[in-house]
Structures are given as structure tokens and as C-alpha cells.
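The next block holds one structure in the form of C-alpha cells; read it before the comments.
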Amino acid sequence: MIFLDTNILYHIIHKTPRTDEALTLLEENPGDYVINTVVHNEIIYTSTMHYLKHKYGMTGTYSARRWIKKHGYPGKVIEVIRELLRRLNIRLIPDMYTEEELYRVLKELRLLPSDAIIALTCKHHDINSILTFDEDFKHVPWLKVVP
């Protein structure tokens, strides 16, 4: 299994200067791709913020939250994410960690909480490779970071 971090999916969906690099990483590292609920939540949130900024000029969490409460999540965003997960056959796996492990990894590896949950989920699911542009994962001894 190969874990895909949010930034890989984001660059594929939103056609950024790193889109080609993200697609090349997938081509060069074929496998059984997985994400957890943290990544799933992050890609929905960041893609929604991207959409609202480009479609309506909205910036900031408060205005986005008001828009979502009034209109719901943009169907286009949800469709694009679901289609990407389907096309790449990306499976959603459950987060797995204990409270004690989380605090230990936060302190010892100095990861942000979401990254710590990703790292621990990989450990519990015996996943040893992660595709990411996030340098912080290079400090996780049980993960091989690609690139």
C-alpha cells in the first residue's frame, strides 16, 4: 500500500505548477493507493476553499462557512474528488492510533496533529511509503517519503 498525502491530490485536482510532478510520482510509483479520513477531510476542505476563492473571490474561513451553511458544499467539488478517488482506485482506510501514541509522536517527531495521525495510521496499517511534498514526514522512521 502507498499512502497519498493531501498535497498530491490537491496538485492533481487544481492544476498547479506541481501538477505534472504529482502525476509523475503516481506513474513512477504504481500501487494500492490509500488515504485516511484526515486526508479525505483536508482535500474536501482545501478544494472547497479553492473553489470559493476562484468562483466568488471569497477568502477566509468565516465567509466560506457562511456560504456552505446557506448553499451546502459545492457539488462540483464533491464530484471531482469522488471521481479522482474512483479513477485512481484510492481506498479510504480508518485512522488508527492511541491517545498515548499520538502525544508521543507529537512531542518526539514534532509533527502537526494531522500529520501525526497520518503517520500513526500508516504504522498501524503496515504502510511504509507515502507520496507527499511535505518534508516533515522525512522525520518519521517507519515511512519512506517519495519523492
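We did not get these values from a lab; they are worked out from the coordinates using the rules stated. Fair warning: this is a prediction, and the values are worked out from it, not measured in the lab. Every residue, glycine among them, receives a Cβ derived from its backbone with ideal geometry; neighbour counts consider all protein chains shown.
If you count Lys pairs in the chain whose Cα atoms are under 19 Å apart, skipping same-chain pairs closer than 8 places in sequence, the total is 13. I want to verify the translational diffusion coefficient of the range 2-146 in µm²/s; compute it with Stokes-Einstein, Rh as the Kirkwood radius over Cα pairs, at 20 °C and 1.002 mPa s. For the chosen part, D equals 133 µm²/s. The rule of thumb for compact globular proteins, 2.2 N^0.38 Å, goes into the C-alpha radius of gyration of the range 1-79 1.22 times. Inter-label distance, Asn41 to His139: 2.2 nm, where each label sits 7 Å from its Cα along the C-beta direction. Over the chain, dividing the summed -39,500 (n - 2.57) contributions of all DSSP H runs of at least 4 residues by the number of residues returns a 222 nm mean residue ellipticity of -18000 deg cm²/dmol.
Once C-alpha pairs closer than 8 Å and six or more residues apart are averaged by separation and normalised to the residue number of the chain, the relative contact order reads 31 percent.
Charges were assigned to the Cβ only: +1 to each Lys and Arg, -1 to each Asp and Glu. The resulting dipole of the range 1-133 about its Cα centre is roughly 960 debye.
Under a Gaussian network description of the chain, with springs only between Cα atoms under 10 Å, the residue in Met58, Met49, Met96 that fluctuates furthest is Met58. Rounded to the nearest 0.05, the FRET efficiency derived from the C-beta distance between Tyr103 and His14 at R0 = 41 Å is 0.75. A simple spin-label model places the labels of His124 and Arg66 3.9 nm from each other, with each point 7 Å out along Cα-to-Cβ.
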